[in-house]
Each structure stands twice: as C-alpha cells, then as structure tokens.
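Here is the structure we will look at, set down as structure tokens.
The values are calculated or read from the model by the stated rules, or taken from the named source; none is laboratory data. Remember, predicted model here, so these are calculated numbers, not experimental data. As a convention, Cβ positions derive from the backbone with ideal geometry for all residues, glycine included, and neighbour counts pool all protein chains shown.
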Amino acid sequence: MNRREFTRNSVLSVAGLAASKSLFSRISQINPEIEEIYLIHFTHCDYGFTDHPITNIEQHVEFLKQAMQFCDETAGYPKESRFHWTVEGIWTLENFWKEASMLEKQRFDKLVANGRMEVTAMPANMTMLPSPYEWENELKRLKFFYDTYQPKVVMQNDVNGIPWGMIPSFLEHGFEYVWMGVNEYGSKAPQKVPSLWWWEGPDSGKIKTWLAYHYGSGFDFFHKEWWRRGPVPEAHNIWFNPPSGNETFDNSPVEIDKAGRFTNRKLDALRKGNYPYSKLAISLTNMWRCDNDPPCRQISEFVESWNRLEKKPRLIFSTPSEFFKSMETVSVGKMNTIRGDWSDWWADGLASMPQQIAVLQDAKRRNPEIIESARILNVDTGDMKGKVEQMNHQLAFSMEHTFDAYNSVAYPYNELCMGNQHHRYGIIYEAQERSKNLKAAIIRNYRDFSPFSRTRFIEVMNPGKIARSGWASISGNALRFDVNAAKDLLTGEIFPFEAIKGYDWSEPFEGKNTVLEFPSNVWGEVVAEYRFFLKNLQPGEKRRFELLKTDLKRTGELSELKITQGSLKNPVGNLLIRANDYSIFDDNSNWFPGQIIIEKTSGFKSRSNIENRKRDLLNFTYSTPELVKSELFEGQYSTRKVLTFKTGIAKAIVQEFELPGGLSRLNITTTIWLNEQTDPVAVYMAFPFVRQQELPRYLSYGYPTRVGKDQMPGSCGEYTVVQQGIWFEAEQFNLVLNTPDNPLASFEKLSTRRMQEVFTPANSHVFSMLCNNYWVTNFPILRPAKLVLRHSVEIREAKTNQVFESTNELWAYPVKEHRNG
C-alpha cells in the first residue's frame, strides 16, 4: 500500500516528543541504553496486491529456497551475523512442502532445528472475519506443520487488528507470543510503537504481545531514504530489481559510520519517548516492492561489519521467538496489561465488495451445518472429507487481508486488478458452490431420500444449534404434481403454498415490464418456488409432510410485534411489542428503522483525506432515497410492506419489511440495483433502537464482546466487524439485530473519519454498513450489481450466554413414501 510515507512517519514521530531538556535527562536516567537490536527478517505476504496471486504463491516458495541458500552461505559467519529467516505464514510453508524435494525438506528442518529459521503460527495475515469453526478446522488441516514445528509466535503484519476471542485458542494451541506489526496507514497503533505488554482475552487469559514497527520501518533505522522505486512494480517488469551489493545496507566503514550516527539519533529519541528496555526488535524486508519481496542477502555483511567495527548497539540477526526469550528478564515489572478486542481500522474495506462478502458469509454459515446435518441424517461423510476440507480452506483463504491490486481504484479495469478480483472472488464462489454441493450430496445419501419425480413426500430439517422458524421451499419447475399444500404427517396441520415468481428459461411475455431485471424480451416470469412457513423447529428436528391439493386458505396469524402507522417522513413506522406496546425504535431519531443513508464527499484528495482521517478537510453530504411507492400485502404466513425508492446511486432500491405470524421478528430484505460508483460514497442502514440499559454485544471469534467496554483502547471505534449481528441483553428479553450479509456496523452515529478511538456509545443506535468505496488501494470500486441484503430485528428469550445464529434456513428435501415407525 502507500506505505512509504506512513511507515517512515511512524518511526520518526518519536523524535517529536515535546518535553523539556530536564525531563529528557530524567527519563534518560530511568531508561537504560539500548544495547542490542534484534533484526527480524521476513517477506510480508500479500496474496495479490503487487501481482496476480498465483505469482505471489510461486514467489514465496522461491523466496524460502533463497533464504535457505543464504543461511547455508553464511554458516561460517559470526553467530550474530548469520542469515536468519522468519516464515510469516504457514500457507507459504505448505506450498513449499508440496513441491520441495526430500533434500530441501531436510535442509529446512535442519535450519529450523538450529534456530536459523522460524515458523510462525498464523497461516497468513488475516482480517477480523474468521469465526471459530472454519479457523480451527484450518489449523487442524495444517496439523502436520503445527506438530512438526511447534510455532510459539503469532505474527500478524500490516493488518491492525486481531479478534481478542482468538487469545484462548492461541494459548490452547501452545502459542506464547503475539508479534503485531501494524501499518498506520489510515489507522493508528493502540499503544506506543514499539511496546511490550500482556494482552488479556475474554476469559482473562493473557498472551505476551510485542507491538512492533511496521516491516518497512526497519530499513529507516539505517538509511535516510528508501531505495525502492515504483511504487509497486510487478514481478514481470524487467526495469525494476531488488537491491544487490552495497546498494542497500552498505557495509563499507564510511557508510557503517554514517548509519551508526543515524541509528543512534533514532535510539536517543526512542529513549526520550520512554522506551524502557535495553533490547529492541525491528522488522526488515527488502527494497524491491516492500511487499512480496525476496530475502536481502546483504544484511549479514552489514551486521558483521557493524559488530566488527564495534558500533553500538550490537546487532543480532535473529528470529521473533529468540527476541521474546531475550526479553524475559529485562521486562520484569515493566509490562502493563491491556484488555479488549483489537478492532481493525482497515475493516471498512470489506464493504467495497458487498456482493462477494454476502456470499462468503452465507457459505460460512452453511459450513458447520454440513457435518451436523450428516450426523442428524446418519450419513457417512468419509468420501466427502477431502471436499469438506477444501471448502473450509477456501473460506479461510477468502478472509486473508489482500482483496485487490495496489492500483485497484486508479486503474479498476486493468489486468492486475481484474486478475486479483477474479482470483479472490472465484475462491469465494467456489467455496459457496462446494457448500451447496456437499449439502445436496448429504441429502442424496440419506437413506430416506427419494427422487422428487417419484414421491409426494418431503422432510424439513433444522440443521442449526438453536430453534429456527423459517420458510420450507420447493422448486417450482421440479414440481410434477397438481398440489398446492403440505400436510404435517404428525399433527395433520395443512400448510398452503405461497408461490414466488422469478425468471427462468421460458418465452417472454408480450407487454410484461421487467425494468429492474434483464430485458423483458429474454425470459418470462414463472413460479420459481413454492414455500410454506414453519415455526420453532428445534435443533436437529425433522418433520415430514405429504404434498396435496386443498381449497384451504390459512388465516394469517398475528405477529407478536406490530408496526405503527407510517408517515411521509417515516414510511415504515415504529416497531412495538404487541403485548405491552414497548417501542423498539427511538421516535426522536433523525432516522427511521431500516432507512438507507447515502454519504458522499467531494473535493480534491477526498479519498486520501478519508484514509488519513482528516475529517476537517472533508465535505460530507448525506441524503436518503426518495420514496416512490408503498404497498401492503397480507399473506397466509406474514404481513409485508414493500417500499420502492429512487436514488442516483442505483437503478432502484426496494425494501421489504415482513412480520411473520406468531413470531417476535421483523425481516428486512433490501434489494439495490447498484450503479457503478467511482466517486467516494458509503451506504448505511439505520437501526435507531430506543435507549437500552446494556451496551450492544457482538461475537469476536465466538466470544460475546460489549461495544466500547470490551474493545481495546486505541483500536478502531468508528466501525466494528460484528460477524452476524449484535444484541442487547435485558432482564425481560434480548433485542437482536441480525446482519447476515453485512458484517460491519457503526454505533451511536455514522463513522466520524476522525481517528475516533473506542468509545462508550451515548445511545443505542446502530448503523449497518452496506457498502463503500473509500479506499484508494487493495479494495475494489463498487461495480454494478444486484445486492440482496438481509437484516432482521427480533425479541429473544433473555439469556446471558445464548448461541448466536443469524440464519433461519431450513433444509427441505423429497423423501420416500411415509411408513409408520
């Protein structure tokens, strides 16, 4: 990314400490001289960004082989100048292992055993999206590498957050340290850089954490200017090359002397900034592209000459775990404990690809249901194991932190950007396809399954962990019988079908206007599916039905919630609990429930000002779509209000507000026919809940986390990855907002873009971030798309530690003719 300016500033900023000379003098007496600098050398792995991801995958295997060669070449050097290499992610090691010869594997093992190479614990540098199921299964898939190399250091670079819910998992797996090399581009470190402290997790477990300099900053300790040109040349660009010889880390006595004076000025500033240790670690990469760079051989010569010339402090070419071990004694009594979820400043970039993130979230939800449904249906999944494992790996890989090329906004349609997007999007859609195919395979291997052409019986199952109420759906095209209802074989209750229209292979209908879909002269409208609504299916419960013809019309059951009369200003109205008229939303808010808010900014360098958090230089304007139609539908299972809006950013926006009968739930489905958005824009959905006594909670890697109170001070307070939604706990009930397709939310107000840190919300308003295109790099612009985004508000039984599921998907499938018993 645009790292040069920001990584240099993060190092040089310590020199700007404003204090008197007498204070400096007292601090210098308290803080020891820095006697040793540990140089930690690795290449930062972006799967994309600089090149097509396939190039990077191949490059990192070659980089590892080069590092092994450099280790061998420097075996006779003094110990502290021998070449060392840190493998930043285990996926790199896995790719190496797939193609390495037996001799290369043996060489690697020997170098690890001798401490010349170290394997760190993370598969790659990850976003905040992983949830326990796919993540733990990915670690299980990589068990050979964890068992063989027993990594102790969790290394996360570039990204400036990790879910605190991972801390218990880290400790359980035997990981002892966290090395966090944040990139302060568009973000800030939560503590002074560098610093060492205990990071406390949600279960009070602690892990020792080094808040490191960014990997590009180590070069700045010995050089006044970056050698790199570019900014980010692709690997195939023959006009650029990594430095060699003395082009960087010049080991001549004259240059060593210059570097020594330069380095010690930085160290003096660091001590004056109250750095309390006699040892320091800095990260080093190379100066070709900075990201995805090969090992830098000349560091060994530089360290050897520096130490031979007795420059201070002493340089030690080493690995992260060796640095942590060296700090055991010198850090006694000097480490604070910091508690909370490490919220990521970069997370808003996920909203630049809303369609793909919605698919990813859907596949993630289905992932644990695959094995659970096989257990419920007593299906052997032995021959599916490889496919399940591959799907889970694809889901994990899709949450790695690289989502596009470095020039993704400047040149959104060039080969590099399109290649990056197609690779990542392809993996997401492939994982989704695998999840659906595995679901179908389990159903088809169920002993009671029957081809639908031979049966009038179906079964409906809840594959989840909590009770579900939702639609059971049957393909409209596949239905061969003249039926219009399903009869519960246990209770005798009859459920008439609702027909859902769609477009499928058929002749177009003359005069039928389908302006929001493809042109009406392509296909005609048909019944895409028939469905009926079931309530309160328990986890693992199966219910059987016979399909039949009936004249019965079901009387709609009242919802346990009700919507008040809307108005021109608020066409939705408020949402009340029917039993006591409790208002769920704040009547005094500027926003109505589910309202779409469009945020735009204009002016020179507006994107840059957004990312640099220069809020005062930004001119934000806010608008809401114009209502053009409001319709009310009374169905057999629910009441629906459908609102159609017009706006400049989309062909149309249609919102459906549905109250299912007999439930305390409001479903909101928002369909946006989005136009291409190259100018900066963000779109939110408002949920101005009435003031609640408790703070909103979300799940951080499966652990309930209170907004503000359980978030790390200094981490991002503008928006948070809430995974599947948030909830408020109360004595009488839990108020839940499900956001299955949109994992980002802001609290109290819209994002400030003022580098706001974690805070305690002054109200209970929540804003779901639907999409934005604010980033200048690494994330795509908003492409034309049909976005179908789901939200729901529901009242649940009051529980302190409830299982949080945001889906009500039920599995329906044909089965053999019913037999008693």
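Data table
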read-out: First in the stretch 172-195 and over 18 Å from residue 714 (Cα atoms) and in the same structural domain as residue 281 (by TED's automatic domain parsing), second anywhere and of a type in the set (Val, Ile, Thr) and in a strand (DSSP E or B), Cβ under 6 Å, 6 or more apart; value: 175/154; 177/153
read-out: Verdict on residue 42 being of a type in the set (Phe, Trp, Tyr), out of contact with any helix residue (DSSP H, G or I) (no Cβ under 8 Å at 6 or more places or on another chain) and modelled with pLDDT of 95 or more; value: yes
read-out: Every residue from the stretch 115-135 that is in a helix (DSSP H, G or I) and in contact with a His (Cβ under 9 Å, 6 or more places away or on another chain); value: 134
read-out: Members of the stretch 562-577 found to be over 18 Å from residue 642 (Cβ atoms), at pLDDT 95 or above and in a loop (DSSP other than H, G, I, E, B), listed by number; value: 574
read-out: Matching residues, the stretch 539-561, being in a loop (DSSP other than H, G, I, E, B) and of a type outside the set (Lys, Arg); value: 539, 540, 541, 550, 551, 552, 555, 556, 557, 558, 559, 560
read-out: Flag for residue 213 being within 28 Å of residue 50 (Cβ to Cβ), in contact with a strand residue (DSSP E or B) (Cβ under 9 Å, 6 or more places away or on another chain) and of a type in the set (Ser, Thr, Tyr); value: yes
read-out: Residues located in the stretch 559-612, provided they are among the hydroxyl-bearing types (Ser, Thr, Tyr) and within 30 Å of residue 348 (Cα to Cα); value: 589, 601, 602, 606, 608
read-out: Strands (runs of 3 or more DSSP E) lying entirely in the stretch 592-648 (those with 1 or more residues that are under 25 Å from the mean Cα position of the chain (by Cα)); value: 596-602
read-out: Of all residues in the stretch 391-436 being closer than 17 Å to residue 129 by Cβ and among the hydroxyl-bearing types (Ser, Thr, Tyr), the one that is surrounded by the fewest Cβ atoms within 10 Å (Cβ to Cβ); value: 429
read-out: Output for the stretch 590-621, where each listed residue is at pLDDT below 95 and either aromatic (Phe, Trp, Tyr) or closer than 30 Å to residue 469 by Cβ (or both); value: 604, 620
read-out: Candidates 677, 636, 655, 692 - the one that is farther than 28 Å from residue 498 by Cβ, polar (S, T, N, Q) and crowded, with 17+ Cβ neighbours inside 10 Å; value: 677
read-out: Residue count for the stretch 248-296, restricted to those that are over 35 Å from the mean Cα position of the chain (by Cα) and within 30 Å of residue 51 (Cβ to Cβ); value: 3
read-out: Members of the stretch 660-703 found to be over 30 Å from residue 164 (Cα atoms) and touching a Phe, Trp or Tyr at 6+ places or on another chain (Cβ under 7 Å), listed by number; value: 660, 661, 666, 668, 680
read-out: Where a residue in the stretch 245-269 is under 10 Å from residue 311 (Cβ atoms) and its partner, wherever it lies, is surrounded by 15 or more Cβ atoms within 10 Å (Cβ to Cβ), with Cβ under 7 Å and at least six apart; value: 256/305; 256/306; 256/311; 259/222; 260/311; 263/221; 263/222
read-out: Selected residue (criterion: nearest to residue 753 (Cα to Cα)) from residues of the stretch 662-682 that are part of a strand (DSSP E or B) and among the β-branched types (Val, Ile, Thr); value: 681
